[in-house]
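Notes for the one structure printed next.
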Amino acid sequence: MSAPLVDRLELPAGGERFAGRHEVVAGTLLLEGERLPVVVKKVPVDWRQRLAGRTKARRSFETARALLERGIDTPEPLAAETVGGEGWFVARLLPEARQVREWFRHRYEPGFPEPGLPIPFGDVVGGLGRLARRMHDSGVFFRDLTDGNVLVTEEAGRPRLWLVDLNRARVGTRPVGFWNRLRDLSRPGVNALADRRLLVAAYLGPGRPVGPTLVLVTLLRARIRGWDELKRVLRPWRR
């Protein structure tokens with residue numbers, strides 16, 4: 001039987017921390033004689049998780065394994081345990097990965113720095129569309145396909161996209177239904193119509209008419225942006 005997770009983890013004081021609603025830190029995991037660079041996400045265990053009998057950390061671990069079985073990239077899941085009143089999910093660190101939001105913010109926000117990897121915006125958006133299609137066809141409804149939950153690495157000058165923050169995803173045995181596909185496609189921050197057309201075209205594949213799907217995704221995207229703005233007004237402390 002392996003030692004408790006806290007005895008196998010090294011989390012240096014002042015180590016790298018990642019932006020997000022919950023504490024996400026870099027560390028080192030001792031596993032079968034190896035020292036692996038990892039990311040640890042710590043989520044408080046509330047009454048709903050206790051009632052369900054499964055923490056968000058455990059759900060993330062199981063979802064990550066299901067994604068990998070379907071050929072969908074996500075950082076390798078290594079452990080999930082309850083530590084004190086928190087669920088800790090441990091995954092392999094992708095050292096050079098950047099959030100897809102860097103490309104979107106550079107595109108739409110004047111003065112925002114260039115992304116940390118030299119990959120064209122169109123290649124990233126096209127890759128995101130194709131990733132979403134594979135995900136949906138394999139039965140994965142992500143539910144939170146936002147800019148902070150997609151990482152980008154570079155391989156031979158091309159983007160490779162990875163899904164993270166998996167606890168809200170739902171994995172089924174059948175392809176995802178039409179409406180839920182639209183819900184996922186409307187989540188990424190692709191705010192210009194021409195760029196959204198590129199996303200939808202990559203999702204649908206060559207030769208497929210883009211117009212009807214693009215209209216629906218655009219309407220849903222406008223609804224999401226309006227709701228986000230309302231939340232910023234009503235809950236300024238959560239900015």
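The values are calculated or read from the model by the stated rules, or taken from the named source; none is laboratory data. In this text the structure is predicted, and so the values were computed from the model without any measurement. Using ideal geometry, Cβ is built from the backbone for each residue, glycine included, and neighbour counts are taken over all protein chains shown.
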Single residue of Arg35, Arg58, Arg8 found to be in contact with a strand residue (DSSP E or B) (Cβ under 6 Å, 6 or more places away or on another chain), surrounded by 15 or more Cβ atoms within 10 Å (Cβ to Cβ) and more than 23 Å from Val150 (Cα to Cα): Arg8
Hey, Pro115 crowded, with 18+ Cβ neighbours inside 10 Å, free of Cβ contacts under 8 Å to residues at least 60 places away in the same chain and either in the same structural domain as Lys56 (by TED's automatic domain parsing) or part of a loop (DSSP other than H, G, I, E, B) (or both) or not: yes
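Looking only at residues in the stretch 133-151 that are within 8 Å of the chain's Cα centre (by Cα) and in a strand (DSSP E or B), which one is surrounded by the most Cβ atoms within 10 Å (Cβ to Cβ)?
Val150
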Count of residues meeting criterion [modelled with pLDDT under 90 and over 29 Å from His22 (Cα atoms)] in the stretch 197-239: 0
Condition met for Gly122 (farther than 26 Å from His22 by Cα, at pLDDT 95 or above and touching a strand residue (DSSP E or B) at 6+ places or on another chain (Cβ under 7 Å)): no
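Yes or no, residue by residue, for (1) modelled with pLDDT under 95; (2) among the aromatic types (Phe, Trp, Tyr); (3) more than 23 Å from His136 (Cβ to Cβ); (4) not in a loop (DSSP other than H, G, I, E, B):
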site	(1), (2), (3), (4)
Ser60	no, no, no, yes
Thr63	no, no, no, yes
Leu67	no, no, no, yes
Thr74	no, no, no, no
Leu78	no, no, yes, yes
Glu96	yes, no, yes, no
Glu102	no, no, yes, yes
Arg105	no, no, yes, yes
Selection count, the stretch 153-189, where residues are outside any loop (DSSP other than H, G, I, E, B) and among the charged types (D, E, K, R): 8
Which numbered condition Asn167 misses (of (1) surrounded by 20 or more Cβ atoms within 10 Å (Cβ to Cβ); (2) at pLDDT 95 or above): (2)
Residue match in the stretch 37-49 (condition: assigned to a strand (DSSP E or B), under 19 Å from the mean Cα position of the chain (by Cα) and farther than 22 Å from Leu161 by Cα): yes
Hits in the stretch 18-32 - residues which are farther than 19 Å from Arg143 by Cα and either among the hydrophobic types (A, V, I, L, M, F, W, C) or surrounded by 11 or more Cβ atoms within 10 Å (Cβ to Cβ) (or both): Phe18, Ala19, Glu23, Val24, Val25, Ala26, Gly27, Thr28, Leu29, Leu30, Leu31
